[in-house]
Structure formats: structure tokens, C-alpha cells
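The values are calculated or read from the model by the stated rules, or taken from the named source; none is laboratory data. On a predicted model such as this, the values are computed, not experimentally measured, just so you know. Neighbour counts run over all protein chains shown; Cβ positions are idealised from the backbone, glycine included.
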Amino acid sequence: MAVLWQPCGEGARILRVLGDSPCPVLPGLVAGRPVTEVGPYCFAAREIELRDGALWPADSTDTHEVTGDFLEEAVLPDSVQVLHSAAFYNCHRLRRVEAGPALESLGSDLFTNCRALRTFALRAAPDAETGLKKLLGAVSADVGVEFLGAPGAKLFYPEYFEWLDENTPAHIFNHSIEGEGYRMRQCFSGGAVDYAAYDATFAQACVGESEEKLCRLALGRLLVPFALGEDARADYEFYLTAHPEGAFGLAIAARDEAALRLLVKLGLPVQQAAAQCAKAGWSAGATILLARPRRAAKRYDFDDL
């Protein structure tokens with residue numbers, strides 16, 4: 001892999017990525033400079049001004065641009081602080097972006113038309129201050145978040161909608177927002193996730209969100225229960241036990257063995273889910289669902305003899 005870059009302050013700005021992999025891992029250093037910025041339209045399939053750019057490594061023979069529909073994942077180094085406007089514009093197949101905790105500034109139209117984007121992964125502890133709130137503000141569609149630093153956390157933010165209604169003839173516009181996903185995106189204390197506030201939105205989310213989205217949210221919090229209070233745990237468990245078909249369907253579609261074990265532990269009925277696994281050709285899942293619990297070894301005392 002190679003990059004076209006230019007200096008910016010004491011760091012480097014990536015202008016274009018060249019290579020054959022649809023899942024590029026950007027370097028942390030270019031020509032001895034830390035990579036601090038991803039330039040405008042860096043991954044967009046359109047011509048950009050490259051006259052001031054330099055190739056690194058200088059002897060690279062890579063010529064294929066990693067842009068547009070070719071890009072599927074992007075791993076940014078910990079040193080990246082700035083994502084310029086439209087950096088991922090029209091990357092229709094982009095499904096995952098991984099970054100460090102240092103993101104500070106995001107441009108506009110960053111993920112416009114990135115309809116396959118499903119996950120932000122952050123190499124940070126779940127209680128660390130990161131640029132997550134700004135990343136979430138750039139995406140109004142469904143998106144999941146994974147904190148990769150121990151002990152980890154797994155969150156889900158549902159889609160929300162914004163629109164303006166014109167009040168004629170005064171030409172006054174009323175700003176309206178629909179969807180609990182917007183409120184959930186505000187659950188931060190400084191730059192860190194406020195997990196108690198996030199969990200508190202679940203009751204209202206149950207009013208307007210779909211079963212599939214609520215099961216995804218509940219499973220994520222129970223599977224990696226960082227800062228999960230007992231009341232919130234009970235709410236999530238109650239919802240899953242009340243919606244076994246949706247919960248099992250989500251776990252089976254994702255081939256998630258840990259989720260299956262969690263649902264079995266909660267006492268959800270397994271026969272229909274096992275049939276789903278068999279129909280989907282997932283024998284490992286059916287085995288987990290139909291496995292009999294081990295009996296404790298009987299202990300004998302002198303009276304038994």
C-alpha cells in the first residue's frame with residue numbers, strides 16, 4: 001500500500017490511498033511525520049488536487065486508488081485528529097471505520113451516501129474521552145459502536161430523521177426530529193459515553209423503535225455489560241424474554257454463539273430457534289441450543305454406603 005500525502009503543521013495529511021486491498025490500514029507515520037489528517041474527498045471516487053502531494057513510499061509501484069465502491073473498511077491510526085469534509089463521500093460499500101481516541105475535528109458530508117456503514121470501532125477504553133459524539137453526529141442512520149479497549153463495550157444507535165416544516169405565510173421553519181436515536185446520541189459527559197443516560201433511553205425507545213433494533217440494543221449491552229446497572233439489566237433481559245423470536249433471529253443471522261448462550265441462560269424457548277439454525281445450515285448454533293445442561297456429579301457419604 002502507498003499514500004499520496006502533504007505536510008500539515010508538524011504532521012501529515014493523507015490525500016489518497018493506493019493499493020489492492022479494500023480494507024486499507026493507514027500508516028501512523030509518513031516520511032517521519034505522524035499522520036494527523038485525512039484530506040477532503042480522500043476516499044471519494046472523484047478527482048482531487050494532487051499537485052502538492054508526494055508519494056510514500058517513494059519507490060512504490062501501486063497505482064490503484066482505494067476509493068468509492070472499492071472501499072469496504074478503513075483503519076485509521078491513533079494519531080489522526082482531523083477528518084476533512086467528504087473524506088468518505090459516496091463510498092457505498094464502506095461498512096466499518098476503525099479509529100483511535102484522538103479525533104477532534106470532522107468536516108461536513110463526511111459519510112454522505114455511505115449506506116452500508118454499520119460500525120464505528122474505537123481503540124479506546126469504554127469510559128475514555130473520544131471523538132465518538134462527533135462521529136455519531138455525522139451519521140443519522142442505524143450504526144453500531146464497539147470499544148476495543150478492555151473491558152470493551154458494544155452500543156447501538158438507531159436511525160433518526162430531521163426535517164423542516166414551513167409555517168406559511170410567515171415563512172417560519174419548524175425544526176422537527178423523530179426517532180430515539182437522536183436522544184441516544186446526546187448521552188455523553190464531556191467526550192465520554194454516559195452509560196446511565198444511554199440505558200435510560202431504552203424505555204422510550206420501546207415505544208417507537210422496531211423489535212429488531214431493540215433486540216440488537218439489548219443484546220449488545222448484556223453481552224458486554226460495561227457500567228450496566230441492575231435496573232437497566234433487568235429491563236434488557238425482560239425485553240429479550242418477551243421477544244424470543246426477534247432475539248434468536250438476530251443472533252442466528254449474525255452467527256453469534258455468545259448471544260445464543262446468553263439467550264439460553266435467560267431461559268428462552270429453544271426448539272424453534274434450533275430449527276432456524278438447521279434451516280440456515282448453522283449446525284454449531286443448533287448444538288448450543290439443544291445441548292443438555294451437565295448434571296452435577298453426585299457425592300456419596302458414609303450413609304450411602
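Values computed for the structure shown
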| read-out | value |
| --- | --- |
| Residue selected from the stretch 55-85 under the condition among the acidic types (Asp, Glu) and outside any strand (DSSP E or B), by the criterion farthest from residue 115 (Cα to Cα) | 59 |
| Residue 115, sole failed condition from (1) of a type in the set (Lys, Arg); (2) surrounded by 15 or more Cβ atoms within 10 Å (Cβ to Cβ); (3) within 19 Å of the chain's Cα centre (by Cα) | (2) |
| Residue that is surrounded by the most Cβ atoms within 10 Å (Cβ to Cβ), among those in the stretch 55-69 that are out of contact with any Gly (no Cβ under 6 Å at 6 or more places or on another chain) and of a type in the set (A, V, I, L, M) | 55 |
| Which listed residue is assigned to a loop (DSSP other than H, G, I, E, B) and within 21 Å of residue 213 (Cβ to Cβ), from 124, 116 | 116 |
| Residue count, the stretch 13-41 (criterion: over 12 Å from residue 77 (Cα atoms) and of a type in the set (A, V, I, L, M, F, W, C)) | 5 |
| Test result for residue 121, under 26 Å from residue 226 (Cα atoms), of a type in the set (A, V, I, L, M, F, W, C) and crowded, with 16+ Cβ neighbours inside 10 Å | yes |
| Matching residues in the stretch 153-180 - criterion: being at pLDDT 85 or above, over 22 Å from residue 231 (Cβ atoms) and of a type in the set (Gly, Ala, Ser) | 179 |
| Filtered residue count, the stretch 86-111, keeping only those that are among the charged types (D, E, K, R), modelled with pLDDT of 95 or more and outside any strand (DSSP E or B) | 3 |
| Candidates 87, 45, 99, filtered to the one that is small (Gly, Ala, Ser) and in contact with a Phe, Trp or Tyr (Cβ under 7 Å, 6 or more places away or on another chain) | 87 |
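For every residue, the table says whether it meets (1) modelled with pLDDT of 95 or more; (2) more than 21 Å from the chain's Cα centre (by Cα).
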| residue | (1), (2) |
| --- | --- |
| 195 | yes, no |
| 202 | yes, no |
| 217 | yes, no |
| 224 | yes, no |
| 235 | yes, yes |
| 238 | yes, yes |
| 251 | yes, no |
| 255 | yes, no |
| 271 | no, yes |
